[in-house]
Structures are given as C-alpha cells and as structure tokens.
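Asker: The structure that follows is given in the form of structure tokens.
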Amino acid sequence: MKNEISYSIFKTDWGFFGLLADDTGLLRTSLPSTTYDSAKNFLLRSFSKNANEKSIYPHLQKAVIDYYNGIYVDFNKLDITFNFENLTDFSKRILLACKAINIGKTITYGNLAARAGGAPGAARAVGSVMAANQWPLLIGCHRVIRADGVIGRFSGEGGSSTKKRMLQHEQVLISKGDKYDSHEKSRIGQRPGRDWPLFAGNKSGKHAVSFGPDRP
C-alpha cells in the first residue's frame, strides 16, 4: 500500500506554520515564517519524496492558530501520532520527556537527560537531539535551556530570538490565570535546574531565565 505524504501550510498571527505527515503520523512541523513560500521551503527542506498539499490534522491547525493568537493550548491533550520511525531509542526517550514539559516551564539539558533515563553528562547529546527536533512547538525544545539560565541556541527559524519570544509568549498565556491548577502554581519559585517556571522567584528577578548572549 502506498504511503501518502501530505502537508498543510496555514496562517497564524505569527506567520505561516507548516505540518508534514504520512499515513503513520506527523513527520515534521515548521514554525511560523513570514511568507507561504518560505514556510514551504523550510517545511520540505531535505525532503526528497513527493508531498501533496491538502488539509491535514484540522484540530491541530486550530490549536496552533489559537496558541499564536494568545490562547492557552495543552498540545499533550490532542490526538497526534508522531512518526518516530527513524529515531534511536535515546532520541525517542528525550523527545517524549521534552514533550511532557508544560507551557510556562523550562528544564536544563542535563535534567532532561536525567528525566529520560540518560547517563550523567548526557547534556550535550540532549542538545543534539533538540537541535534535530522535527516537531517544534508540539515537542517544546524551546523550553530546554542551559544550566546557567541562558536560553541557549535554537535551530528553528529565527534562532534564539524566536526561542526567547516563544518563552515570553508562554508567560503571557499562563498569566491569564485559570488554565493552571493549584499544583502547577505551587511550583513557582523552585530552584533552577529542575522543571521550573520562567521568571520564578521574587521581584528582583532571582531565578529568572537569562536572555543574554549565547555562548559556544
């Protein structure tokens, strides 16, 4: 049976977002681009197989549009199948652990490795998995930061400035209130190095994520 490959590109408040899928699941997402053509080129980059444009995952399209329109969306509650067929077991574990990070939270590369059952010192390997993440936004690699609190590099279009913008956007989403339960709110103020909210701590900015320049 032929495995059909399809893609959708749709407009959000931040630009044109892309979805690429086959019969087994979602192959790739692309973060918002300024034009349809740039979104298509980014979505289909290094993809040699024929892909047909049609509407796929309409419920996901609506959720993505809502997210960029300033509405809190829990993507983990959506019925989405990811095509992890060509990934190593380590990469799958890291991506699934990353997917579980809630909007408004961040985690360090090292702690993400530990959460996924990786060996101590696997932070660099986690960084490689995040850089190769084919499902940005849905698997929130932008929520993984360096141990010193600097947001670090980002392989998505726009680089670290896009990562910074997404993290700040998510702070606005959770500040609207009623989407986070008391358990989540009780975690504000945790020490860095765990799954901790951005800008947690007191008004002086203690424990806030730094948006300073990246380091090698």
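Asker: Identify the single condition in (1) in the same structural domain as residue 172 (by TED's automatic domain parsing); (2) on the phi < 0 side of the Ramachandran plot that residue 104 does not satisfy, given that it satisfies every other one.
Answerer: (2)
Asker: Residue by residue through segment 155-165, note down the ones that are touching a residue at least 60 places away in the same chain (Cβ under 8 Å) and outside any loop (DSSP other than H, G, I, E, B).
Answerer: Passing the criteria: only 162.
Asker: Which one is modelled with the lowest pLDDT among residues in segment 13-52 that are over 20 Å from residue 78 (Cβ atoms) and of a type in the set (Lys, Arg)?
Answerer: 49
Asker: May I ask you to list the residues in segment 28-41 that are surrounded by fewer than 18 Cβ atoms within 10 Å (Cβ to Cβ) and either among the charged types (D, E, K, R) or within 13 Å of residue 7 (Cα to Cα) (or both)?
Answerer: Once the filter is applied, which keeps residues that are surrounded by fewer than 18 Cβ atoms within 10 Å (Cβ to Cβ) and either among the charged types (D, E, K, R) or within 13 Å of residue 7 (Cα to Cα) (or both), segment 28-41 yields 36, 37, 41.
Matching residues to (1) free of Cβ contacts under 8 Å to residues at least 24 places away in the same chain; (2) among the β-branched types (Val, Ile, Thr):
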site: 29; (1), (2): no, yes
site: 32; (1), (2): no, no
site: 42; (1), (2): no, no
site: 51; (1), (2): no, no
site: 62; (1), (2): yes, no
site: 74; (1), (2): no, no
site: 85; (1), (2): no, no
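Asker: Then there is this: Counting only residues that are over 18 Å from residue 158 (Cα atoms) and of a type in the set (Ser, Thr, Tyr), how many does segment 1-39 have?
Answerer: 4
Asker: Something else: For residue 125, indicate whether it is under 21 Å from residue 150 (Cβ atoms), touching a Ser or Thr at 6+ places or on another chain (Cβ under 8 Å), surrounded by fewer than 20 Cβ atoms within 10 Å (Cβ to Cβ) and not aromatic (Phe, Trp, Tyr).
Answerer: Against the criterion (under 21 Å from residue 150 (Cβ atoms), touching a Ser or Thr at 6+ places or on another chain (Cβ under 8 Å), surrounded by fewer than 20 Cβ atoms within 10 Å (Cβ to Cβ) and not aromatic (Phe, Trp, Tyr)), residue 125 does not qualify.
Asker: Kindly indicate whether residue 108 is more than 22 Å from residue 73 (Cα to Cα) and within 15 Å of the chain's Cα centre (by Cα).
Answerer: Judged against the criteria, residue 108 is a match.
Asker: Of everything in segment 143-176, what is within 20 Å of residue 87 (Cα to Cα) and either touching a Leu at 6+ places or on another chain (Cβ under 8 Å) or at pLDDT 90 or above (or both)? Give them in sequence order.
Answerer: Result: 144, 156.
Asker: Oh, and also: Among the residues of segment 10-27, which ones are in contact (Cβ under 8 Å) with a residue 40 or more places away in the chain, touching a helix residue (DSSP H, G or I) at 6+ places or on another chain (Cβ under 9 Å) and surrounded by 16 or more Cβ atoms within 10 Å (Cβ to Cβ)?
Answerer: 10, 12, 14, 17, 19, 26
Asker: I've got another one for you. Please work out if residue 52 is surrounded by fewer than 19 Cβ atoms within 10 Å (Cβ to Cβ) and either more than 24 Å from residue 159 (Cβ to Cβ) or among the hydroxyl-bearing types (Ser, Thr, Tyr) (or both).
Answerer: So residue 52 passes the test.
The values are calculated or read from the model by the stated rules, or taken from the named source; none is laboratory data. This one's a predicted model, so the numbers in the text were calculated from it and none came from an experiment. Positions of Cβ are generated from backbone atoms using ideal geometry, with glycine treated the same way; all protein chains shown enter the neighbour counts.
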